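Q: Here it is: the structure, laid out below.
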Amino acid sequence: MSKIFKDLKLPIDQELKEHLAWLMPNHGEYRILRQSVDARKKHSPHFVYTVEVAEKDEILKLEKFELPKVNKLPANFQKPIIVGSGPAGLFAALRLVERGIPCKLFERGSQSAERIKGINRFWRYGELDTRNNVCYGEGGAGLYSDGKLITRIKSEHIPYVLNRLVQFGAPAEIQWLSNPHVGSDKIRRVIPKMREFLISHGCEIFYDSQVTKLIYGDKCIKGVITEQGNTHSSDHVILATGHSAEDMLNHLIESDVFVEGKSFAMGLRIEHPQKQINHIQYRQFADHPKLGSANYKLAHHDDKTGIGVYSFCMCPGGYVLSSGTEKDALVCNGMSNFNRNSPFANAAIVVSIQHDKLFGHDNMGGMKMRRELEVRAFQSVKNAGGTKELPVQSLNSFLKKSDRNIVNTTSSPSGIKTVRLDQILPDFMHSKIKEGLENFNLSMKDFISEEAKLYGVESRTSCPLRVTRDEDSLQSVSHSGLFPCGEGAGYAGGITSAACDGIKCADKIVDALS
C-alpha cells in the first residue's frame, strides 16, 4: 500500500529520488503531491515536498474525476445559457456538458487566434479593439494574460480544475507546485482544445456575439438578447462577464436586478530587474539553476484605519501590459510566459478601497473612481506626447514626489512615458502605497531601489460591484434563474477561484434539471 510523506525538506542539490530510496528502499513509482521552495532563513534555500510513494510493483491510481450524467432531461428543457468565456464561463460549460447537459455560451469577443491579433495591434500601434483585448475575448482576462493559478480559496473543485487544464494541454506540474502557472504562451494552446471539447460534447458557442440584454419574467430570468437582435430563451442563465463588463452591470441596475457596491483594491504595478529579486530572496544562491525566477508575496495592514496594502498577481520573469478596454483610458496588468525568462519581475501594489467609508450608499462609487483614475492615466500619457504608451514613474520619484523621474529600460511591449503617478492618485492612496512600500523594504531589503519603477494604473484587480446571490441556490436574490458568477459578479478573484465558481453554479443547474 502506498505511503504519503509530508513536508520532506531537501537541500536544493539533493535529488528527491535518492532521498525516497533511503526512506523506502525498493519502492515503486511515486508522484509529487506538492512542491515549494523555502528561502525564508539565511541558510541555503531548500525544497519542501509532499510525495506519495508506492510499494514495489504497485500502480498508483490517478484521480480521473469522472462525473455522473443526468439520465433524463425535463420535457420542457431549454439549454442553459452562459454569458462570457472567461474561466468561470468555460468551466461552467465544461461541467454542464460533462454531466450530459447541452448548453449555449456567448462571447462578445473572438476566438483566441483572432483575439491575439487585436491585442498585438494595440500593444504595437495603439489601435484598441474594444472586443478583443486583454480583458475581452475567448479565455477572459486572467486566463489569457498570464495563466497564474494561485488562489487563497479552499475548494473541493480545485483538483478538478487543474486536472482538466492538464487534460487540455497545460503542464502536469500545475497539479503539485505551490505556485502553479500555465503561462501566456501555453494557455493559448489549452483554450482551443477546451473549445473543441465543448463543441463536440453539446455546447453551442457564439463568438462576436455580445449579450446586450437579459429577458425577465416576474422576478425571474427568461433568456438573453444579443447585439444581432437574436433572442435565446432559457430559465437558467449563468452571468460570467468578468470584472470589466460595465455595460452589463449598468443593464442589470436599470433592470432592477439587485446589485450592491463592495470593497475592492486599486493601485500601481511595480517592476524590478529579476536578478535583484533573486538576490533579495535567494541571496548567494540567486544564480542556482534549480531555483529559477524568484517571486514574493507582501502585505501591510494598518490596524487603526483597517486599510491594507498588498502585492497581487506577482509575475516573475514577466512583462507589464497595457490592458484597457476603453479608448480614452489606460490600465496596466502583468503576465509571464511559462519559462518566466524576461529580465524583469513585476507585481501589483494595491490599496484596499473600503466601499462603505468612501462611497456610502452610492453603489456606483467604486466604478466611478476606477474610471476616473484610468482616464487620468490616459491623459497623463497624452500630455507627455504619447498615444499608446503606459505611464511610468521611478519608485524614488514617486516616494519623494519629485520631478527627478528617470526610467530606462522596461518590459512593456507598448512602450512608456514618464509621468508623475503620485499626482494621478488620490492623496490617501499615495500615502498608503508609500507606507506599504517602506514596510515591504523592511522584510525585503533593497526592495526600494534606484532600478525599481511604477506603472499606472492597476485598477482591475476585482469588480467594485456585487450582483448579490442567495448563498444556497447561488441565484440572484431578486431574479430566480440568474446565476451571477465569477469575478464580474463579485464572487471570485483569479482564474482558479473563478473556474470553481463556474463549476458551483453549473452544479446547481444540474441539481435543478435532475
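Q: When every alpha-carbon pair in the chain is counted, what percent end up more than 33 Å apart?
A: Here the tail beyond 33 Å accounts for 42 percent of pairs.
Q: Subtract the Cα-Cα distance of Lys69 and Lys193 from 0.36 nm times their separation in residues, and report this length gain in nm to one decimal.
A: Full-extension gain reported as 42.5 nm.
Q: Return the sequence-ordered ³J(HN,Hα) values of the range 60-68 in whole Hz as given by the Karplus equation 6.51 cos²θ - 1.76 cosθ + 1.60 applied to θ = phi - 60°, using x for Gly and Pro.
A: 6, 8, 9, 5, 9, 6, 6, 10, x
Q: Go through 491-502, 324-335, 476-487 and give me the packing order, highest mean Cβ count within 10 Å leading. Before the final figure, lay out each step's value.
A: On the way: 491-502: 28.0, 324-335: 22.4, 476-487: 25.5.
Top of the packing list down: 491-502, 476-487, 324-335.
Q: Taking 0.36 nm per residue of sequence separation and subtracting the Cα-Cα distance, how much length would be gained by fully extending the chain between Ile153 and Lys304, in nm to one decimal? Don't jump to the answer; show the numbers that get you there.
A: Values: separation 151, 0.36 × 151 = 54.36 nm, distance 2.67 nm.
Gain on extension, Ile153 to Lys304, equals 51.7 nm.
Q: Something else now. Nearest 5 percent is fine: what portion of the DSSP beta bridges confined to the range 264-458 is antiparallel?
A: Roughly 90 percent of the DSSP beta bridges within the range 264-458 come out antiparallel.
Q: Let me ask something else about it. Among all lysine pairs in the range 3-53 that are eight or more places apart or on different chains, how many have alpha carbons less than 21 angstrom apart? List each step's numbers first, then the result.
A: Values: Lys3/Lys17; Lys6/Lys17; Lys6/Lys41; Lys9/Lys17; Lys9/Lys41; Lys9/Lys42.
Close lysine pairs under the 21 Å cut-off: 6.
Q: When ranked by the protection proxy of mean other Cβ atoms within 10 Å per residue, highest first, what sequence do the peptides 423-433, 371-381 form?
A: Result, highest mean first: 371-381, 423-433.
Q: A further question follows. May I ask for the distance between the Cα centers of the range 40-80 and the range 188-254, given as a whole number of Å?
A: 30
Q: Here's a follow-up. Which of the helices in the chain, when you take each full DSSP H run, stretch at least 20 Å along the axis at their Cα atoms and have an average Kyte-Doolittle score of 0.0 or higher?
A: In the chain, the long hydrophobic H runs are 495-513.
Q: Another one. I need two numbers for the range 120-199: Rg to one decimal and Dmax as a whole number, Cα atoms only, in Å.
A: 14.1, 44
Q: Counting other Cβ atoms within 10 Å of each Cβ, which GluC sites (Glu not before Pro) in the range 114-223 have at most 10 and sit in a DSSP loop?
A: Taking the range 114-223 and a limit of 10 other Cβ atoms within 10 Å, the loop GluC sites (Glu not before Pro) found are Glu156.
Q: Sticking with this one: Taking only C-alpha pairs under 8 Å that are 6+ residues apart, what is the relative contact order of the chain in percent?
A: 18
Q: For Glu18 and Asp256, FRET efficiency with R0 = 56 Å and r from the beta-carbon atoms, rounded to 0.05?
A: 0.30
Q: Quickly rank 400-408, 452-460 as a protection proxy: mean count of other C-beta atoms within 10 Å, highest first.
A: Values: 400-408: 11.7, 452-460: 28.0.
Those peptides, ordered most packed to least, come out 452-460, 400-408.
Q: Could you tell me which of rounded, prolate or oblate describes the range 98-139, using a ≥ b ≥ c as the square roots of the eigenvalues of the alpha-carbon gyration tensor, with rounded for a/c under 1.5 and, failing that, prolate when a/b is larger than b/c and oblate otherwise?
A: Cα axes put the range 98-139 in the prolate bin.
Q: Please compute, for the alpha-carbon atoms of the range 3-53, the extent along each of the three principal axes and give them in descending order in Å.
A: Over the range 3-53, Cα extents along the principal axes are 35, 18, 11 Å.
Q: Follow-up question, since we're still on this one. By a straight-distance test (C-alpha under 16 Å), which aspartates and glutamates pair with Lys445 as possible cross-link partners, with residues fewer than eight away in the same chain excluded?
A: Glu271, Glu435
Q: Over the Cα atoms of the range 69-176, what is the Rg over Rh ratio if Rh follows Kirkwood?
A: Using only Cα positions, Rg/Rh for the range 69-176 is 1.04.
Q: Based on the alpha-carbon gyration tensor of the range 430-510 and its eigenvalue square roots a ≥ b ≥ c, which shape applies: rounded if a/c is under 1.5, prolate if not and a/b is larger than b/c, or oblate?
A: Taking the square roots of the gyration eigenvalues as a ≥ b ≥ c, the range 430-510 is prolate.
Q: Tell me the Kirkwood hydrodynamic radius of the range 7-101 in angstroms, computed as one over the mean inverse distance between distinct C-alpha pairs.
A: 17.8
Q: Stretched out fully, how many nm does the piece from Asn408 to Gln78 gain, at 0.36 nm a residue minus the Cα gap?
A: Roughly 113.1 nm would be gained on extension.
Q: Let me ask you something else. Name the residue from Ala489, Thr461, Ile101 whose Cα lies farthest towards the positive end of the charge dipole of the chain, charges +1 on Cβ of Lys and Arg and -1 on Cβ of Asp and Glu.
A: Farthest towards the positive end: Thr461.
Q: Please report, for the Cα atoms of the range 264-458, the Rg to one decimal and the Dmax as a whole number; what are they, in angstrom?
A: 16.4, 54
Q: Using every alpha carbon pair in the range 254-351, what percent of pairs falls into each 5 Å bin from 0 up to the bin containing the largest distance?
A: Values per bin, smallest distances first: 3, 12, 17, 17, 15, 13, 10, 6, 3, 2, 1, 1, 0.
Q: At a threshold of 8 angstrom on Cα-Cα distance, excluding pairs fewer than six apart, so keeping six or more, what relative contact order does the range 3-53 reach in percent? Please list the in-between numbers first.
A: Details: 76 pairs, mean separation 26.8, N = 51.
Averaging sequence separation for qualifying contacts and normalising by length gives 53 percent for the range 3-53.
Q: Further question on the same structure: All other residues with a Cβ under 13 Å from the Cβ of Gly223 taken together, and with Lys, Arg as +1 and Asp, Glu as -1, what is their net charge?
A: +3
Every read-out reported here was derived from the displayed coordinates using simple, explicitly stated rules and does not represent laboratory data. If you're wondering where the values come from, they're calculated on a predicted model, not measured in any experiment. Here Cβ is always computed from backbone atoms with ideal geometry, including for glycine, and neighbour counts include all displayed protein chains.
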